[in-house]
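Down below is the structure, laid out as structure tokens.
Read-outs: derived from the displayed coordinates by stated rules, not from any lab. On a predicted model such as this, the values are computed, not experimentally measured, just so you know. FYI the Cβ positions are ideal-geometry reconstructions off the backbone, even for glycines, and counts take in every protein chain you see.
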Amino acid sequence: MTAPAPVRVIALSRRGVETALKLKEAVNAQTVYLPERLASGMGGVEGVEVFDLPVANLIGELWGETSAFLMVMAAGIAVRSIAPLARDKKSDPAVVILDPEGCFAVPILSGHLGGGNELAREVADKLGGTAVITTATDCAGRPAAEVWARDESLSVENFDKVVTVNSAWADGDPVGLWIDPQLPQGCREIARSLVDHVELLTCSAEELAAYEGALVAVTHRIITGLDGKALLLRPSVLAIGAGCRKDADPQKVEEGVLNAIEEAGYSSICANVLASVDAKANEPALLQLARTLGVDFITYTSGELKDIGVPNPSGRVAEAVGTPSVCEAAALKASNGGKLLLEKVSKDIWTLSIALCEWKGSGN
């Protein structure tokens, strides 16, 4: 598992050095960076590094390896330094600027998904200062859609609709929440945290079609036209069972399986796990498929799979690997008691099946 990127502190004034050192302790930051002119007496201080290049260059070097920056400097310097580096809210680190005394902590980038708002509140509390939060939803006392989704373990598919929903909340306009009725019962529990912030809360397809306000839709299915109408949030509820020929072309298996999932009407973003028989544990094509899906690849022995009831058992498969089903049985086994959504699809070099898992969101 990849270790989280560190928090880093940069100070540019003599009065800001003490604040920077306090910040390091307050949030367990990895390093405090100081320019050479402020380094007197800092030799040998653990976690302090001296730099002699322009601060914008330093920030550029650290940008992709940092989860959050605490910048004790003028806002103008910080903004000019990060402007060429900022890409999108999904990948940018949080940036919080502070005055030299630490009286004010102002998140200026990735306040929501990057955690900048939370970090500003944390450091302000520990330093006895004030967090200055400017994001519209926070100021309106409303949730931010992307943060709510993250906290509920939902993946955002169409980030362009985040702005639509957040703007509606910030402006006091109506927002609706539709939860796919075909999802496991547990998925409906996520509505509890939004019930005070939505005008419409429904599982009805008719109400979904008729609703004209900003809309949040939680579903594992691909529904024609919904991506243009709603913010799509994807729960990880699909157990993918798969098999393939020995040494099958990884690219062909990946393309074929992903296309088949979509053609079956499901979003691969909702994959929870990839499962197969243990004879395929080191199969390059399946290992690559798991990486692409962003899920664990688990395998079962033929003994664990052979007695699972499936709609399409095969004597030929049983002779080859000791179980009459690989993809269907593995999907059902991995779903931990779920139902089969997609029966075996078989192409020249791969097989696929999908089962519905119980919901394993943030509360589970």
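Structure summary
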item	result
Net charge dipole size for the stretch 8-50 [Lys, Arg +1 and Asp, Glu -1 on Cβ; Debye, nearest 20]	180 debye
The stretch 238-356: mean projected area of Cα convex hull, nm²	6.0 nm²
Distance violations [Cα-Cα > 31 Å] among LYS90/LYS333; LYS280/LYS339; LYS90/LYS229	LYS90/LYS333
Residue-by-residue Karplus 3J(HN,Hα) for the stretch 173-184, coefficients 6.51, -1.76, 1.60, Hz, glycine and proline x	7, x, 10, x, 10, 10, 10, 3, x, 7, 6, x
Nearest-ten-degree value, helix 14-27 long axis tilted from longest Cα axis of the chain	30 degrees
About the Cα centre, charge dipole magnitude for the stretch 138-239 (Lys/Arg +1, Asp/Glu -1 at Cβ), debye	300 debye
Charge dipole (the stretch 145-235, unit charges on Cβ, about Cα centre) - positive-most of GLY176, ALA214, GLY186	GLY186
Size of charge dipole - the chain - debye, nearest 20, with Cβ of Lys, Arg +1 and Asp, Glu -1, no other charges	380 debye
Correct option for percent of Cα pairs over 24 Å apart [calculated from the coordinates] among [x] 59; [y] 65; [z] 78	[y]
Full-stretch length increase - ASP151, ASP278 - with 0.36 nm per residue and alpha-carbon distance subtracted	42.3 nm
Sites excluded, GluC sites (Glu not before Pro) in DSSP loops with at most 12 other C-beta within 10 Å, longest stretch of the chain	47-211
